[in-house]
1. For each of Thr168, Thr94, Thr61, count neighbouring Cβ atoms within 10 Å of the residue's Cβ, then give the residues from fewest to most.
2. In whole Hz, what ³J(HN,Hα) sequence does the stretch 86-100 give by Karplus (6.51, -1.76, 1.60; θ = phi - 60°), x for Gly and Pro?
3. So for the stretch 4-194, averaging the separation of alpha carbon pairs under 8 Å that are six or more residues apart and normalising by length, what relative contact order in percent results?
4. Mind listing the long-range amide H neighbours of Val41? Cut-off is under 5 Å, sequence gap 5 or more, other chains count too, H placed in the peptide plane at 1.01 Å from N.
5. Compute the acute angle (0 to 90°) between the alpha-carbon long axis of helix 19-33 and the principal axis of greatest extent of the alpha-carbon atoms of the chain; round to the nearest 10°.
6. Mind putting a number on the dipole of the chain about its Cα centre? Charges go on the C-beta only, +1 for Lys and Arg and -1 for Asp and Glu, and I need it in Debye to the nearest 20.
7. Please report the antiparallel percentage of the DSSP beta bridges confined to the chain, to the nearest 5.
8. Whose amide H sits under 5 Å from the amide H of Arg121, counting only residues 5 or more places off or on another chain, with H placed in the peptide plane?
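A short reminder: the numbers here are calculations on the coordinates, not readings from a lab. Predicted model only: the values in this text are computed from it and were never measured. As a convention, Cβ positions derive from the backbone with ideal geometry for all residues, glycine included, and neighbour counts pool all protein chains shown.
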Amino acid sequence: MTQRILIIDGHPDPAPGHLVHALADSYGQGADEAGHAVTRVTVADLDFPLLRRAEDFQDGTPPPDIRAAMDALENADHVVLIYPLWLGTLPALTKGFLEQLLRPGVAFTKDDGEGGFPKGRLKGKSARVVVTMGMPGWAYRWWFGAHSLKSLERNILKFVGMAPVRSTVLGMADAPNARRHEAWLKEMRELGKAGH
């Protein structure tokens, strides 16, 4: 079954040569080969401010780049977010992008004034999160508890209704190892083909 796939390249540096960019490319190539409709958003190329006030988050007008990303999100069946782990979590620009993108009225219902709990508006969409890091992946998952990944999955993606949410952790990404990197790129192509 073909899908509409949104790939979010969450590396904040637009310079070529980053593994995150190559992983996004490979996922997109695999998805294209399988006939999926692919839209790519590269966070480093977007022009948007960080949100500073609750009023802006609740009712502010999204900048054009964010509005375009919102439209891509709305049309997607499957969302892929790829980013490097910085200080144990998402890079600030990537987190700022998600705050802009996943606003009330877009990703979840606005407060109805009656104290009702917001409901996710992105039901029916699946997600994959791919995280690269300098430490071994097992250390991130078992020693550190993958706290930021679990928070992203549970408190953001599942909160807005996405399911299932799958993850791929790629540890020791900074270590020069051409064989391992090529294996990761192949894995991304295969995931792209499958739309997972």
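1. The most exposed by this proxy come first: Thr61, Thr168, Thr94.
2. Ordered by residue, 3J(HN,Hα) equals 10, 6, x, 7, 5, x, 4, 5, 5, 5, x, 4, 5, 5, 5 Hz.
3. Over the stretch 4-194, the number comes to 29 percent.
4. For Val41, whose amide H was placed from the backbone, the distant partners under 5 Å are Ile7, Ile8, Asp9.
5. The two axes meet at around 90 degrees.
6. Approximately 680 debye in magnitude.
7. 5
8. Those lying under 5 Å, H to H, from Arg121 are Phe108, Thr109.
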